[in-house]
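Visitor: Next up is a structure, given as structure tokens.
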Amino acid sequence: MMNSIVLGDPKITLIIHSDPTSLTGWAHGSGHTPVGPAVVVWSDAGIMGLWFGQENSATACQELLRQHGLEETESTASTVEIKINDDQAQQWLDRMFSAPSKDQSAGIPVVVKGSAFDHDVWQGLCRIPLGEIWSYGELARSLGRAGAARAVGSALGRNQVAFLIPCHRVVRQNGAIGQFRWGSDVKSALIDWEAQARQEND
């Protein structure tokens, strides 16, 4: 079973699934973005992960399989089909980083798995407007969870779909860039890129 909601800018269709066996057609690949190299993992349902930096796409795929309860073993290898396709990965990345369009209606499909709290936080992230920066406390208050800034930060750390679920838009209360799995330089570059994209769209 899958539930979906359209939100965010760039617009995504956030898909929350409860049946990992419905996730078929897994693939992964590497490519380039305006902020450096990245790897993408996807399935027939949509994007499963987006990681920045010199990550190995096969490693990313295996980690995401484990998180979705589909770790490839001798007994599952015949049922979990995994392909590598750098060309399609680059196509995904080009689509993600194209100028955000207010005319998008369906959005890029993004599949997530986490707790109900994680899902609330990730949806809250997608409601932060393009080019805006919030603090962890502001995000927590927007979710009706004032005082839960630390828990919100932990949920951000569990996000496997960078940029599309924009944890880079959240910084510390004092304006410091804060933690980011792929490094503060990448986080700063994403913030700068979105600021420019917002100016171009205004």
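The values are calculated or read from the model by the stated rules, or taken from the named source; none is laboratory data. As the structure is a prediction and not an experimental result, all values here were calculated from the model. Note that each Cβ is placed from the backbone with ideal geometry, even for glycine, and that neighbours are counted across all protein chains shown. The protein model used for the area step is the full one, side chains on, heavy atoms only, and it has no ligands, DNA or RNA in it. Shrake-Rupley method; radii C 1.70, N 1.55, O 1.52, S 1.80 Å.
Visitor: Pick from the stretch 12-42 the residues that are modelled with pLDDT under 95 and of a type in the set (S, T, N, Q): which of them is most open to solvent (accessible area, probe 1.4 Å)?
Guide: Filtering first and then ranking leaves THR21.
Visitor: Can you tell me which residue in the stretch 179-201 is modelled with the lowest pLDDT, limited to those that are charged (D, E, K, R) and in a helix (DSSP H, G or I)?
Guide: Among them, the one singled out is GLU200.
Visitor: Continuing with the same structure: Tell me, please, whether a residue that is at pLDDT below 95, open to solvent by 50 Å² or more (accessible area, probe 1.4 Å) and among the small types (Gly, Ala, Ser) can be found in the stretch 52-66.
Guide: no
Visitor: Return the residues of the stretch 118-144 that are out of contact with any helix residue (DSSP H, G or I) (no Cβ under 7 Å at 6 or more places or on another chain) and assigned to a loop (DSSP other than H, G, I, E, B); say none if nothing qualifies.
Guide: Within the stretch 118-144, ARG127, PRO129, GLY144 qualify.
Visitor: Could you check the stretch 13-59 and list, in sequence order, the residues that are small (Gly, Ala, Ser), assigned to a loop (DSSP other than H, G, I, E, B) and without any contact (Cβ under 8 Å) to a residue 60 or more places away in the chain?
Guide: SER18, GLY25
Visitor: Further, regarding this structure: Being closer than 30 Å to SER43 by Cβ and open to solvent by 70 Å² or more (accessible area, probe 1.4 Å) narrows it down to one residue among ARG141, ARG127; which is it?
Guide: ARG127
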